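Working notes, structure below.
The values are calculated or read from the model by the stated rules, or taken from the named source; none is laboratory data. Model, not experiment: these values are computed from the prediction. Cβ: placed from backbone, ideal geometry, glycine included. Neighbour counts: every protein chain shown.
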């Protein structure tokens, strides 16, 4: 089950959904209609998003998502 975190203003990320039980993150970027599914994202980093430890979705995606297995789902 994917969860939407509290809104953080982002200049690059339009929408982000997190699934800590499967270590997956779905991201929609501004200026792009595609949805990207990232696998093998650090569970600790995903939980940090929910507890407010992550203050930038763009930096989160760059640090913890990119480089992991990606699937374009839409």
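Overview of values
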quantity	calculated
When residues of segment 39-61 are limited to those that are out of contact with any helix residue (DSSP H, G or I) (no Cβ under 7 Å at 6 or more places or on another chain) and assigned to a loop (DSSP other than H, G, I, E, B), the one surrounded by the fewest Cβ atoms within 10 Å (Cβ to Cβ)	51
Criterion violated by residue 74 - all others in (1) touching a residue at least 12 places away in the same chain (Cβ under 8 Å); (2) within 12 Å of the chain's Cα centre (by Cα) satisfied	(2)
Count of segment 9-43 residues which are over 10 Å from residue 57 (Cβ atoms), in contact (Cβ under 8 Å) with a residue 40 or more places away in the chain and out of contact with any strand residue (DSSP E or B) (no Cβ under 6 Å at 6 or more places or on another chain)	1
Whichever residue in segment 3-38 is loosely packed, with under 14 Cβ neighbours inside 10 Å and within 18 Å of residue 69 (Cβ to Cβ) and, among such residues, is modelled with the lowest pLDDT	34
